[in-house]
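Data first, discussion second: the structure below is written as structure tokens.
The values are calculated or read from the model by the stated rules, or taken from the named source; none is laboratory data. Fair warning: this is a prediction, and the values are worked out from it, not measured in the lab. Cβ coordinates were reconstructed from backbone atoms using ideal geometry, including for glycine residues, and neighbour counts include every protein chain displayed. These area figures cover heavy atoms from the full protein model, side chains too; ligands, DNA and RNA do not enter into them. Shrake-Rupley method; radii C 1.70, N 1.55, O 1.52, S 1.80 Å.
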Amino acid sequence: MPFPPPPRTLTGPRRRSLLASAAGAALLVGCSTDGDDTENTAGSPSAAERARARAASDSETLLQHYDAVLAAHPTLADRLNPLRAEVVRHATAFGGSGSTPSSTATAEPSASASASAVPATASDALAGLAAAERSLADKRAKALLDVPGELARLLASVAAAGAGHAYLLTEDAK
């Protein structure tokens, strides 16, 4: 038995073609930029500058935490120095100085002030650093929604690195 012909022949584009075209156009509009990464719907360029300065300050505070742990537990230097170096790179990427005394030549006033807050055991100090990394990664992940493209990508990358640092700091505890 032969198949009957379609009831009528459609002319013009089909519904699926129209929907696919509309979806593609919406994606292109959503992904396009006008080339000016300093302004967006979230605010003025000064909002992006404030977010960048805040991220640099957060990285430098985390760097001070690393330095305090290294001053209190010098045996952790081999494990922490590579992660500390990454935090320095993060601070400079956000426009910060990334300069605090290195773990080998720690200045006494800053180390002694921060060392009192460092836990007595190395494992607790690592857990504290991991918590600080995780907290900062979460903060950056939330902040990236409110900043323009390039800064959002940088925040996302540094947040992912911070989450990786938190994992590496707690890896032996599991």
From Ala113, Ala161, residue being surrounded by fewer than 19 Cβ atoms within 10 Å (Cβ to Cβ), modelled with pLDDT of 95 or more and in a helix (DSSP H, G or I): Ala161
Counting just the residues of the stretch 149-158 that are closer than 15 Å to Arg54 by Cα and touching a residue at least 24 places away in the same chain (Cβ under 8 Å), which one comes out surrounded by the fewest Cβ atoms within 10 Å (Cβ to Cβ)? Leu154
Conditions (1) out of contact with any Asp or Glu (no Cβ under 7 Å at 6 or more places or on another chain); (2) modelled with pLDDT of 90 or more: number failed by Asp172: (2)
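Looking only at residues that are more than 20 Å from Ala48 (Cβ to Cβ) and of a type in the set (A, V, I, L, M, F, W, C) in the stretch 125-136, which one is surrounded by the most Cβ atoms within 10 Å (Cβ to Cβ)? Outline the logic, then answer.
Narrowing the stretch 125-136 to residues more than 20 Å from Ala48 (Cβ to Cβ): 125-135.
Add one more test, that the residue is of a type in the set (A, V, I, L, M, F, W, C), and what stays is 125-127, 129-132.
Numbers: Ala125: 22, Leu126: 22, Ala127: 16, Leu129: 26, Ala130: 19, Ala131: 13, Ala132: 20.
Among them, the one singled out is Leu129.
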Just the residues that are assigned to a helix (DSSP H, G or I) and open to solvent by 10 Å² or more (accessible area, probe 1.4 Å), please, taken from the stretch 164-174. Gly164, His165, Tyr167, Leu168, Thr170, Glu171, Asp172, Ala173
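Determine whether Leu144 is modelled with pLDDT of 95 or more and either open to solvent by less than 80 Å² (accessible area, probe 1.4 Å) or farther than 20 Å from Ala48 by Cβ (or both). Before you say what the answer is, go through the steps one by one.
Working: modelled with pLDDT of 95 or more: no; either open to solvent by less than 80 Å² (accessible area, probe 1.4 Å) or farther than 20 Å from Ala48 by Cβ (or both): yes.
Here the answer is no, as Leu144 does not meet what is asked.
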Pairs with Cβ under 7 Å, 6+ apart, first in the stretch 58-79 and within 11 Å of Ala132 (Cα to Cα) and free of Cβ contacts under 8 Å to residues at least 60 places away in the same chain, second open to solvent by 30 Å² or more (accessible area, probe 1.4 Å) and assigned to a helix (DSSP H, G or I): Leu63/Val88
What about Ala143, is it in a helix (DSSP H, G or I) and within 15 Å of Ala93 (Cβ to Cβ)? yes
